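K.L.:
One structure, as structure tokens, below. Some questions next.
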Amino acid sequence: MTASPVVAKAKKRPRKIKPMLYLGLVPLFAMLFLFSYYPAINGLSKSFFDWKFIAKSDFIGWDNYQKMLGDKAWWETFQHISLVLLAGVTIMWLLPLLAVEMLISLRNSRIQYILRTALLFPLAFPVIVTIYMWGFIYNPNQGILNTLLKQIGLGSLAQNWLGDPKTALWSLIFINFPWIASLPFFVFLTGLQNIGTEIFEAAALDGASRLQRFFLIDLPLLGRQFRLLFILAVINILQFGVTAQALTEGGPDNATMFPILRILNVAFRGGDWGYSAALSSTLFIITFLASVFVFLVSRGERQNDKSL
Amino acid sequence: MTSLSSQPLRRPRQTRVKIEQTSLVLILSLMAFLGLFPYLFMLLTSFKNNQQIVDSYWGLPIPIHFENYVAAWDQTRYYFLTTFTVVAATVAAVLLLGLLSGFIFARFSFLGRNFLFTLVGLLLMVPSIAALIPLFVLSKDLKMLNTIWVLIIPSIAGNAVLAVILFKNFIEAIQQELFDAAQVFGASGPQIFRYIVAPLSFPIIGTVSLLTMINVWNDFFWPLLTVTDDKLRTVAIGIQFFQGQNATDYGGLMAGYTLASLPLLVLFTFLSKYFLAGISGGLTASDK
């Protein structure tokens, strides 16, 4: 199982065919260099140019980055992303965790299985279908939410959810409510199921209440899962741009503008590719630093608690 | 654990547990219903014409109208053809690259092994979206825009990273004795790959395939930017175009959404183990 004997064993044998090994890795690295590393490096270098598609590009030093510092619309997108991230690690964890706790408290394993499948089932739908169905829920005319509000006598609350700058961003965040069919639910569930029943039984024998068990056993044991989900939340936050692009295109009044949408607008609508490359590179560096930071922090913590 | 409690006490305790369990089931069912409701509504509405949507908004579609599906299929069938082609090509290439490179990284020691593997792993931390603009320009320079290749090749590169890591971790965990035995019998590297690694890797092949299929099916920005020819649109993008064409024909729209969901639904139904492993595949990899 461990890696060391594998390597030790392998060391003796394959010296002769080493060129073959590198040859075997050529297809992978050819792909990765051409379509992953080269674009990233090229984007970084082109961010110092006045990069136009047709005309010749001129070197302009830090001008693009200077322009970025004063770009209010760009920095506003980070406010939006912060709000989404905040919701992503609070309310979007709370309900799934609650559901997992209830699910593992069920004694009938058949009912448990059926409910688990039903709760996870929405994950089987394509992302874009979910997004458009929620677009229809928020539809001001025949949408599900407004129709429901009108029928239960709360018609005054009905509004153009995605068309009003005040409600648009929150409407996007509430897509998929109650967020049970999600990665956090799946991760919490597998996490608690892997703990094993002995520890729960021991707690019950010692007279721990369900609430005590939750705070003293379940939550501490899920520490690793929380860190993992946090890393994913940071990386996946960019994915939120898909929702905004499909439903609002960043509007109304830039209320749902996200970094990726701003980058694409600057390039494809404004034609300012050099500036767009500068924004891409900044975003790239920010996410990279953030994930390295979270990675290092979680690794340090993991070394501290030996129990995991 | 209740052996200490006396007979009269047991009864109320049992009823309490029963009430507790029933209310848990009820709450969880409500949550499941809330989660499934949009899709249920989609399915019901996809069989209604516009008049029925107004008259019986929440009700069942009586009589059932299949015309929506005929119209939706007519407008979207090319999207399915394109997406199936892209999915098949990407999955095949990713499996090949992943198995071969994962095997080499897992079972051989050579100069630069750790460095090269770090180069692969580093890409896991980089959101592909950040390199979108330069990748677009590269594809334009290679004259790939508006061809099927622009959908396939970058998606192979994007999906290969996680695949290599997953395969490496899996192949590393295969028992050493098998490899020793093979060596004793004089099997060569390629023979070990062909007769031991490939057959034993079946579960991880399933996971990587599903992971890649889901990724390709959901990929949005890249096909949106690189393809304008209607016949080359993938389902995810085609649905957006379809949405624009049929803005207020809700029945038709929902029929289109349902069609777009079918392939993944089938995979989920029959391969739910691999499907869920695929969805959380990135997770187990970043955990290592």
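The values are calculated or read from the model by the stated rules, or taken from the named source; none is laboratory data. Nothing here was measured: the structure is a model prediction, and the numbers come from that model. Heads up, the Cβs are rebuilt from the backbone with ideal geometry, glycines too, and the neighbour counts pull from every protein chain shown. Side chains included, ligands, DNA and RNA excluded: accessible areas come from the protein's heavy atoms. Shrake-Rupley method; radii C 1.70, N 1.55, O 1.52, S 1.80 Å.
K.L.:
Quantify how strongly other chains surround peptide A:115-122 by giving the mean number of their Cβ atoms within 10 Å of each of its Cβ atoms.
P.N.:
Numbers: counts 6, 2, 4, 7, 7, 7, 8, 7.
Partner Cβ neighbours, averaged per residue: 6.
K.L.:
Which one of B:S201, B:S261, B:Q183 has its Cα pushed farthest toward the positive end of the charge dipole of the protein assembly as shown, where Lys and Arg give +1 and Asp and Glu give -1 at the Cβ?
P.N.:
Toward the positive end, the furthest listed residue is B:Q183.
K.L.:
Using the membrane-span-like helix rule (whole DSSP H runs, Cα extent along the own axis of at least 30 Å, mean Kyte-Doolittle hydropathy at least 0.0), which helices of chain A qualify? Don't skip to the end; give the middle numbers.
P.N.:
Working: long enough: A:273-304 (46 Å, 0.80).
Membrane-span-like by this rule: A:273-304.
K.L.:
Okay, moving on. Shape call for chain B from the C-alpha gyration tensor, a ≥ b ≥ c root eigenvalues: rounded (a/c under 1.5), prolate (a/b greater than b/c) or oblate?
P.N.:
Working: a/c = 2.54, a/b = 1.14, b/c = 2.23.
The shape class here is oblate.
K.L.:
Mind jotting down the distance between the C-alpha centroids of the range A:162-200 and the range B:91-161, whole Å?
P.N.:
Rounded to whole Å, the Cα centres lie 30 Å apart.
K.L.:
How many angstrom separate the Cα center of the range A:218-289 from the Cα center of the range B:238-263?
P.N.:
26 Å
K.L.:
Please report, ordered by residue number, every helix of chain B (full DSSP H runs) that is 20 Å or longer along its axis going by C-alpha atoms and whose mean Kyte-Doolittle hydropathy reaches 0.5.
P.N.:
Values: long enough: B:7-45 (55 Å, 0.60); B:67-107 (57 Å, 0.96); B:149-172 (34 Å, 1.64); B:202-218 (24 Å, 1.30); B:250-270 (30 Å, 1.45).
For chain B, where a helix must reach 20 Å along its axis and average at least 0.5, the hits are B:7-45, B:67-107, B:149-172, B:202-218, B:250-270.
K.L.:
Length gain on complete extension for the stretch B:Q183 to B:D74, per 0.36 nm per residue less the alpha carbon to alpha carbon distance? Before the final figure, lay out each step's value.
P.N.:
Working: separation 109, 0.36 × 109 = 39.24 nm, distance 5.70 nm.
Result: 33.5 nm gained on full extension.
K.L.:
Which residues' amide hydrogens lie under 5 Å from the amide hydrogen of A:F49, considering only partners 5 or more residues apart or on another chain, with H built in the peptide plane?
P.N.:
A:I60
K.L.:
Let me ask another. About its Cα centre, how strong a charge dipole does chain B have in debye, to the nearest 20, once Lys and Arg get +1 and Asp and Glu get -1 at the Cβ? Don't jump to the answer; show the numbers that get you there.
P.N.:
Values: 17 positive and 13 negative charges, 174 e Å.
In total the dipole reaches around 840 debye.
K.L.:
Have a look at A:F240, A:F174, A:F268 and report the one farthest towards the positive end of the charge dipole of the range A:153-308, computed about the Cα centre with Cβ charges (Lys/Arg +1, Asp/Glu -1).
P.N.:
A:F268
K.L.:
Any chance you could get the radius of gyration and Dmax over the Cα atoms of chain A, in Å?
P.N.:
Every Cα atom of chain A included, Rg and Dmax give 24.9, 80 Å.
K.L.:
Roughly how many debye, to the nearest 20, is the charge dipole of chain A about its Cα centre, given +1 on each Lys and Arg Cβ, -1 on each Asp and Glu Cβ, and no other charges?
P.N.:
Working: 26 positive and 16 negative charges, 318 e Å.
Rounded to the nearest 20 debye, it is 1520 debye.
K.L.:
With θ set to phi - 60° and the Karplus curve 6.51 cos²θ - 1.76 cosθ + 1.60, what are the ³J(HN,Hα) couplings of the range A:57-67 in order, to the nearest whole Hz, using x for Gly and Pro?
P.N.:
Once θ is set to phi - 60°, the couplings for the range A:57-67 become 8, 9, 6, 10, x, 8, 3, 4, 6, 4, 4 Hz.
K.L.:
Could I ask something else about it? On average, how many beta carbons from a partner chain sit within 10 Å of the beta carbon of a residue in A:19-26? Kindly include the intermediate steps, with their values, before the conclusion.
P.N.:
Working: counts 1, 5, 10, 5, 1, 10, 12, 1.
Going residue by residue through A:19-26 and averaging, the value is 6.
K.L.:
Further question on the same structure: How big is the charge dipole of the protein assembly as shown about its Cα centre, in debye rounded to the nearest 20, if each Lys and Arg gets +1 on its Cβ and each Asp and Glu gets -1 on its Cβ?
P.N.:
Rounded to the nearest 20 debye, it is 1800 debye.
K.L.:
Next question. Taking the solvent-accessible surface of protein heavy atoms with a 1.4 Å probe, what is the per residue accessible area of the protein assembly as shown in Å²?
P.N.:
Details: 28790 Å² over 596 residues.
Accessible area per residue: 48 Å².
K.L.:
How far apart, in nm, are two points set 7 Å out from the Cα along the Cα-to-Cβ line at B:R13 and at B:S56?
P.N.:
With each label placed 7 Å out from Cα toward Cβ, I get 5.2 nm.
K.L.:
Given N residues in the range A:59-210, what is Rg(Cα) / (2.2 N^0.38 Å)?
P.N.:
Working it through for the range A:59-210, the quotient is 1.46.
K.L.:
Cα centroids of the range B:189-203 and the range A:19-93: how far apart, whole angstrom?
P.N.:
38 Å
K.L.:
Be a star and scan the range A:259-284 for residues whose amide nitrogen sits under 15 Å from the point 7 Å along the Cα-to-Cβ vector of A:K67.
P.N.:
Once the point is set 7 Å along Cα→Cβ of A:K67, A:262-282 turn out to lie under 15 Å by backbone N, inside the range A:259-284.
K.L.:
Once you have all Cα-Cα distances for the range A:193-241, histogram them in 5 Å bins from zero and send the whole-percent values.
P.N.:
Cα pair-distance distribution for the range A:193-241, in percent: 4, 18, 20, 17, 11, 10, 8, 6, 3, 1.
K.L.:
Here's another thing I want to ask about it. Please average, across the residues of B:221-229, the number of beta carbons from any other chain that are within 10 Å of each residue's own beta carbon, and give a whole number. Please report the intermediate quantities before stating the final value.
P.N.:
Numbers: counts 8, 0, 0, 4, 3, 0, 0, 0, 0.
Per-residue shielding by partner chains comes out at 2.
K.L.:
Separate question: So how do A:60-71, B:36-47 stack up, highest first, on mean other-Cβ count within 10 Å? Don't skip to the end; give the middle numbers.
P.N.:
Details: A:60-71: 14.2, B:36-47: 19.2.
Most protected by this proxy first, the peptides run B:36-47, A:60-71.
K.L.:
While we're here: Expected output is a single nm value to one decimal: the length gained when fully extending between B:L111 and B:E20, i.e. 0.36 nm times separation in residues minus the C-alpha distance. What is it? Display every interim value, and only then the final one.
P.N.:
Values: separation 91, 0.36 × 91 = 32.76 nm, distance 6.16 nm.
Value of the extension gain: 26.6 nm.
K.L.:
Between beta-carbons, use under 15 Å as the cut-off and find the net charge around A:I111, counting Lys and Arg +1, Asp and Glu -1. Show your work: numbers first, answer last.
P.N.:
Numbers: positive: A:R107, A:R110, A:R116, B:K18; negative: B:E20.
Here the charged neighbours net out to +3.
K.L.:
Taking the Cα atoms of the range A:60-148, what is the range of coordinates along each of the three principal axes, in descending order and whole Å?
P.N.:
The Cα atoms of the range A:60-148 stretch 68, 35, 22 Å along their principal axes.
K.L.:
Mind ordering A:87-94, A:261-268 by average Cβ neighbours within 10 Å, highest first? Don't skip to the end; give the middle numbers.
P.N.:
Details: A:87-94: 17.5, A:261-268: 21.5.
Listed from highest to lowest mean packing, they are A:261-268, A:87-94.
K.L.:
If you wrap the protein assembly as shown's Cα atoms in a convex hull and average its projection over all directions, what's the area in nm²? Don't jump to the answer; show the numbers that get you there.
P.N.:
Details: hull surface 132.3 nm².
Across all orientations, the protein assembly as shown yields a mean hull projection of 33.1 nm².
K.L.:
Now for a different question. Nearest 0.05, what FRET efficiency do A:W170 and A:M102 give at R0 = 35 Å with Cβ-Cβ as r? It would help to have the intermediate numbers written out before the result.
P.N.:
Values: r = 26 Å, r/R0 = 0.75.
With R0 = 35 Å, the Cβ-Cβ based efficiency is 0.85.
K.L.:
With n ≥ 4 as the cut-off for DSSP H runs, can you work out [θ] at 222 nm for chain B, using -39500 (n - 2.57) per run divided by the number of residues, rounded to the nearest 500? Don't jump to the answer; show the numbers that get you there.
P.N.:
Details: 14 runs with 213 residues, N = 288.
Calculated mean residue ellipticity at 222 nm is -24500 deg cm²/dmol.
K.L.:
Can you tell which of A:I111, A:L211, A:N141 lies farthest toward the positive end of the dipole of chain A, using +1 and -1 charges on the Cβ of basic and acidic side chains (Lys, Arg; Asp, Glu)?
P.N.:
Towards the positive end, the residue furthest out is A:I111.
K.L.:
To continue, here is another question. Starting with the highest mean, order A:173-184, A:156-167, A:73-84, A:201-212 by the number of other Cβ atoms within 10 Å, averaged over the residues of each peptide.
P.N.:
Ranked by mean Cβ neighbours within 10 Å, highest first: A:173-184, A:73-84, A:156-167, A:201-212.
K.L.:
So, one more: Across 10 Å bins from 0, what is the distribution of all Cα-Cα pair distances for the range A:24-91, in whole percents?
P.N.:
That works out to 16, 24, 29, 24, 7, in percent per bin.
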